[in-house]
Amino acid sequence: MKHLDRSQYSREHLGFLKKRRLHAALVWTLRLGLLVLLLGLWELITRLGWVDPFLTSSPSRIAATISGLYRDGSLFYHIGTTLWETLAGFAIAVVLGYAVALLLWWSETLRAVLEPYIVVLNALPKIALGPLIIIWFGTGSRAILFMTVLVGIIVAVMHMLSAFIATDKNKLLLLRSMGAGRLTILTKLVIPSSLPSFISMLKVNVGMAWIGSIMGEYIVSRAGLGYLIVYGGQVFKLDLVMSATAILCVLAAGMYFLVVLLEKALVKNTDD
Amino acid sequence: MKKQILRFSDVALSYHTVREETLAAEHLTFSVDEGEFVAVIGPSGCGKTTLLSLAAGLLSPSAGTVTRSGSCGYMLQKDELFPWRTIEKNIRLPLEIKRMNTPENRERALSLAVKYGLGDFLDCYPSQLSGGMRQRAALIRTLAAEPDLLLLDEPFSALDYQTRLNVTADVSKIIRSEGKTALLITHDISEAISLADRVLVLTKRPAHVAFFHALDFGDCTDPLKRRETSEFSRWFELLWKELNG
């Protein structure tokens, strides 16, 4: 294939590039436009009294609630609490899950022995363990952290194990014909070739970590965004519920975006 | 007498699955001399790849002995270049694994790559190369650790016909000029005739040696030229009959 320099592009190719750019700009405009439209409509129907803002809240009331939380200094306290629980739980689940998956890849016997346990743990709704967690870990951050790890770790183990096992058979044969041992095969082939799966596992686990931390805060907590939502619901302050949910959306999107950045930095040449 | 690089003596091999036991090879005896190019053909499913796995030491025979003097390099149907490594780093892979990753060895592997036309592609990733170039890179990778015996498992069968003829000529030239010993598995009779010094014909399962022919092309080692000779079609006819007879 012959690749041309920018200066050598034909008129047709320049037209193609321009079309692509215009399309991307259109998509972004419509995305933002949709958001503005939805927020505008929401605001409008509450102002006109078509729906009761006591039940649905409204963008302006959410903004006022958030700035109120900011002024009394509790906004960053709640965000920080939940963010810490989520990130720490995410990190522990990913690291431990990866390590367990490596162990299970290494030993076929161990894998066969533990398989039914993993299947059951995966199928079990983790919230069923709520009462146990409160009794074992108390009502502080540790209980929430435990819940977050619990929700994420099984996903990490199963996701990575299936990626390790799916390592190309012919590439394994090639390395074995070169006399490679198991550790060499692991570092030269299994870990690098499973990098795209690692990234997709991270993406799934971003969601899992938020489920874990918010679920944990629903069960036990005195602070955090999940606590604000539960508390807001109990005292019928829907503005508070909506505000905390809006902040959650932004934080979860931000965390996902960071993983995408990581993907762009790490995964460059994996297509065969 | 020439030095023997590989020797199978009365080799048998059984495969075990829960349902059955399959005898893949029995009374398999032959040898490959240093500097020789041997092609192995046989009915499909006769256990040609098993033979390579035995030669590579990846399988141990159920009975008999396989003796190999020196190291071997394995080349597969697909190039199996690691997509996350550049061509240069792919070529260096066997050096890393065999703990031969010294500056001299790296230099030698690189000069091989440059000598055989990969010089401009060293920093490219495999996805940027054509199928033929990738297979050439795979051969240089196989040669990088200076194996005494090349084991080629249908290395051209994944390429389209045009590319295949060119890459076959290419690989033949490289192997001949580096003076390597090679054992090629193929299902393609014409490929075997165009490349080899000797052709080994296997029986169907359990595989053993049906015929072992020395081809009489003299000094003509160019696969494309061989295809034009009258001996070529004579050999083709003979081997065809032996395979289907």
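The values are calculated or read from the model by the stated rules, or taken from the named source; none is laboratory data. As the structure is a prediction and not an experimental result, all values here were calculated from the model. Using ideal geometry, Cβ is built from the backbone for each residue, glycine included, and neighbour counts are taken over all protein chains shown. Side chains are part of the model used for accessible areas, which takes the heavy atoms of the whole protein and leaves out ligands, DNA and RNA. Shrake-Rupley method; radii C 1.70, N 1.55, O 1.52, S 1.80 Å.
For the reader, a short list of remarks on this structure follows.
- Value of relative contact order over chain B, rounded to a whole percent, pairs C-alpha under 8 Å and six or more apart: 27
- For A:TYR231 and A:ILE134, the FRET efficiency from 1/(1 + (r/R0)^6), where r spans their Cβ atoms and R0 equals 22 Å, is about 0.80.
- Whole-percent carbon and sulfur share, accessible surface of the range A:61-271, 1.4 Å: 72
- Rounded, prolate or oblate (a/c below 1.5 giving rounded, otherwise prolate when a/b exceeds b/c) for the range A:6-51 by Cα gyration tensor: prolate
- Beta bridges by DSSP in the protein assembly as shown, antiparallel share as percent, to the nearest 5: 50
- Surface share of carbon and sulfur [accessible, 1.4 angstrom probe, percent] for the range B:2-54: 47
- The modelled label-to-label distance between A:LYS169 and A:VAL250, using points 7 Å beyond Cα along the C-beta direction, is 5.2 nm.
- Chain A: relative contact order as a whole-number percent, Cα under 8 Å and 6+ apart: 24
- With the biggest extent put first, the Cα atoms of the protein assembly as shown measure 98, 64, 47 Å across the principal axes.
- Once the Cβ-Cβ distance of A:VAL204 and B:ASP10 is raised to the sixth power relative to R0 = 51 Å, the FRET efficiency obtained is 0.40.
- Charge-dipole axis of the protein assembly as shown as Lys and Arg at +1 and Asp and Glu at -1 on Cβ define it, positive-most pick from B:VAL18, B:VAL114, A:GLY224: A:GLY224
- Given charges at beta-carbon only (K, R positive; D, E negative), |dipole| of the range B:1-143 in Debye: 320
- Euclidean distance between Cα centres, the range B:125-204 to the range A:245-260, Å: 52
- The A-B contact accounts for approximately 2000 Å² of buried accessible area, totalled over both chains at a 1.4 Å probe radius.
- Inter-centroid distance (Cα atoms) of the range A:96-110 relative to the range A:1-77, Å: 43
- Shielding by partners, peptide B:78-91 (average Cβ within 10 angstrom, other chains): 4
- Pair B:ASP120, B:ASP188: separation of 7 Å Cα→Cβ label points (nm): 2.6
- Cβ-derived FRET efficiency at R0 51 Å, A:LEU17 paired with B:ALA214, nearest 0.05: 0.25
- The range B:21-119 shape via C-alpha gyration tensor axes, a/c threshold 1.5: prolate
- Cα gyration tensor shape of chain A, rounded if a/c is under 1.5, else prolate or oblate by comparing a/b with b/c: oblate
- Restricting attention to chain B, close to 50% of DSSP beta bridges with both partner residues there are antiparallel.
- Cross-link table A:LYS203/A:LYS237; B:LYS48/B:LYS225; A:LYS188/B:LYS78; A:LYS171/B:LYS3; A:LYS169/A:LYS203, entries beyond 21 Å C-alpha to C-alpha: A:LYS203/A:LYS237; B:LYS48/B:LYS225; A:LYS171/B:LYS3; A:LYS169/A:LYS203
- Exposure rule at most 15 other beta-carbon atoms within 10 Å, DSSP loop GluC sites (Glu not before Pro): chain B longest free segment: B:21-177
- Restricting the range B:36-113 to trypsin sites (Lys or Arg not before Pro) that sit in a DSSP loop and have at most 14 other Cβ atoms within 10 Å of their own Cβ leaves B:ARG99.
- For the range B:43-94 versus the range A:180-215, the gap between their alpha-carbon centres in whole angstrom: 30
- Excluding ligands, DNA and RNA, the accessible surface per residue across the range A:6-51 is 96 Å² with a 1.4 Å probe.
- Percent carbon-and-sulfur accessible area, the range A:6-51, ignoring ligands, DNA and RNA, probe 1.4 Å: 68
- Ranking B:VAL209, B:GLN128, B:MET100 by how far each Cα lies toward the positive end of the dipole of the protein assembly as shown (charges on Cβ) leaves B:GLN128 at the top.
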